[in-house]
Amino acid sequence: MPEKNQGQLPRRELTVGEVAARSGVAVSTLHFYETKGLIQSMRSRGNQRRYPRSVLRRIAVIKIAQRTGIPLADIQKELSALPNDRQLLVSDWERLSEHWKADLNERIAKLTALRDQLTSCIGCGCLSMRDCPLRNPDDTLSEKGAGAYLIEHAGEEQG
């Protein structure tokens with residue numbers, strides 16, 4: 001039975017434990033989300049976190065976005081444009097999902113191209129750095145100079 005306040009109305013805010021139980025997210029994750037600006041809490045008189053019920057929908061949106069591979073920084077950026085004092089609306093979700101769908105489609109296209117190029121890569125066995133279509137398409141690295149450029153600059157954007 002929900003706690004009642006002095007006016008005998010159900011309490012509107014949730015404790016961190018209640019949010020964790022209802023959302024399926026660990027308390028430590030809720031604290032992390034809060035430090036990253038994804039969700040916000042208020043403090044009770046006893047300095048305990050209290051969350052509005054609307055945080056449950058916000059957490060659901062965060063988890064869905066994470067499942068699609070959207071970085072937390074991008075999720076935070078999009079959510080920061082929305083008011084914290086109200087439930088997320090269908091129109092909010094439509095805008096967020098359209099933006100994220102475009103990102104997801106772009107990543108799918110890149111992964112599909114990579115998958116399709118792997119067959120030819122297996123044939124070369126990475127014995128020909130000059131002709132490798134994945135690591136050095138059109139021998140673009142030769143323009144960077146001779147030597148172990150690939151090893152020394154691993155992870156840097158090529159081009």
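Taken residue by residue, segment 67-80 has no member that is under 16 Å from the mean Cα position of the chain (by Cα), within 18 Å of Ala20 (Cβ to Cβ), among the charged types (D, E, K, R) and open to solvent by 60 Å² or more (accessible area, probe 1.4 Å).
Restricting attention to segment 1-21, the residues being under 29 Å from the mean Cα position of the chain (by Cα), open to solvent by 50 Å² or more (accessible area, probe 1.4 Å) and modelled with pLDDT under 95 number 2.
Scanning segment 82-101 for residues that are exposed (fewer than 10 other Cβ atoms within 10 Å of the Cβ) and small (Gly, Ala, Ser) yields one hit, Ser91. For segment 49-81, a residue qualifies if it is closer than 12 Å to Trp100 by Cβ, part of a helix (DSSP H, G or I) and either in contact (Cβ under 8 Å) with a residue 24 or more places away in the chain or among the polar types (S, T, N, Q) (or both), and the qualifying residues are Val61, Ile62, Ala65, Gln66, Asp74, Ile75, Leu79. Considering segment 34-66, and only residues there that are closer than 17 Å to Ala20 by Cα and among the hydroxyl-bearing types (Ser, Thr, Tyr), the residue that is least open to solvent (accessible area, probe 1.4 Å) turns out to be Tyr51.
Yes or no, residue by residue, for (1) small (Gly, Ala, Ser); (2) at pLDDT 90 or above; (3) in a loop (DSSP other than H, G, I, E, B):
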position	(1), (2), (3)
Gln87	no, no, yes
Ile108	no, yes, no
Leu118	no, no, no
Ile122	no, no, no
Cys126	no, no, yes
Leu134	no, no, yes
Thr140	no, no, no
Ala146	yes, no, yes
Gly159	yes, no, yes
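The values are calculated or read from the model by the stated rules, or taken from the named source; none is laboratory data. Here the structure is a predicted model, which is why all the values come from computation and not from measurement. Here Cβ is always computed from backbone atoms with ideal geometry, including for glycine, and neighbour counts include all displayed protein chains. Only protein heavy atoms, including side chains, enter the accessible area calculation; ligands, DNA and RNA are left aside. Shrake-Rupley method; radii C 1.70, N 1.55, O 1.52, S 1.80 Å.
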